[in-house]
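First up is the structure itself, then whatever we jot down about it.
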Ligand SMILES: [Zn+2]
């Protein structure tokens, strides 16, 4: 018997417990002990529990849609039985903390928001089976971190004024797009991107003839891809507060979240014709 059990035995004997129950107490105490970082990181993504982390730190432009975006994601996550933490604290990006989450959302983050050790922790978490959900300005983030640029798939370049535009559904079988019309017209701030990584699975593409100021020609606006043993999803929409009240946009986000957390979801790269 362990020393802790020996210590407890006389105390418990006084209240009429048997030695079998002492073992039970030991088990309970063991369950209450926090898992060590190695025990947590050894767990598969499915064993990490239904918790997502929404990161909203900004070092550049701050979107006033962030609070309603957080509220929307909290509601969508709750519908999927997920718990949500929101933070602006880059110190949360360490192996022990990240191991608690199945998905990390960058909701309109901007600028250089993580220090190198935090970046390394996030890279390792992603490559070992994490899930990244980037929304709108997530591509206007971390221009000096090459791994991030490859992972998020494209960097923001500029944008014309907020206006309606049409996105063509490229893959209608994905949970984020299955509910959409083939040509999805809505109002947002439509980013132009510097270039696109070659391994994106494109889900939506902007029709640049449907609005003014687009300059990517072939212009993906939502995509996903594998990242090591993990996966990522990005959607360019979400500049306006109104976006997060649109039923079709909310279902788009909900489908993305469901796909990110589905261990059986398939990822097929599709060529981006640049
Ligand atoms: Zn914006």
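The values are calculated or read from the model by the stated rules, or taken from the named source; none is laboratory data. Quick caveat: nothing in here was measured; it's all calculated off a predicted structure. Glycine also receives a Cβ, built like all others from the backbone with ideal geometry; neighbour counts cover every protein chain displayed.
Some values worked out for this structure:
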| quantity | calculated |
| --- | --- |
| The stretch 52-68 - residue that is over 13 Å from the mean Cα position of the chain (by Cα) and surrounded by 16 or more Cβ atoms within 10 Å (Cβ to Cβ) and, of those, nearest to the ligand (Cβ to nearest atom) | 63 |
| Residue within the stretch 171-179 that is more than 16 Å from the ligand (Cβ to nearest atom) and outside any loop (DSSP other than H, G, I, E, B) present | no |
| Selection within the stretch 149-176 - touching a residue at least 60 places away in the same chain (Cβ under 8 Å), over 12 Å from residue 139 (Cβ atoms) and touching a helix residue (DSSP H, G or I) at 6+ places or on another chain (Cβ under 7 Å) | 174, 175, 176 |
| Total residues in the stretch 217-246, condition touching a strand residue (DSSP E or B) at 6+ places or on another chain (Cβ under 8 Å), closer than 28 Å to residue 264 by Cα, away from the ligand (no atom under 15 Å from the Cβ) and in contact (Cβ under 8 Å) with a residue 60 or more places away in the chain | 8 |
| Residue check, residue 92 more than 21 Å from residue 139 (Cβ to Cβ) and modelled with pLDDT of 95 or more | yes |
| Residues that are surrounded by 15 or more Cβ atoms within 10 Å (Cβ to Cβ), within 13 Å of the ligand (Cβ to nearest atom) and within 16 Å of residue 108 (Cα to Cα), drawn from the stretch 140-164 | 140, 141, 156, 159 |
| Unique residue being within 24 Å of residue 254 (Cα to Cα), in contact with a strand residue (DSSP E or B) (Cβ under 7 Å, 6 or more places away or on another chain) and assigned to a helix (DSSP H, G or I) when the list is 165, 138 | 138 |
| Number of positions in the stretch 110-139 that are under 12 Å from the mean Cα position of the chain (by Cα) and either within 16 Å of the ligand (Cβ to nearest atom) or farther than 23 Å from residue 77 by Cβ (or both) | 3 |
| Matching helices (runs of 4 or more DSSP H) fully within the stretch 56-134 where at least 2 residues are touching a helix residue (DSSP H, G or I) at 6+ places or on another chain (Cβ under 6 Å) and without any contact (Cβ under 8 Å) to a residue 60 or more places away in the chain | 95-98, 116-127 |
| Residues of the stretch 46-55 that turn out to be touching a residue at least 12 places away in the same chain (Cβ under 8 Å) and assigned to a helix (DSSP H, G or I), as a count | 2 |
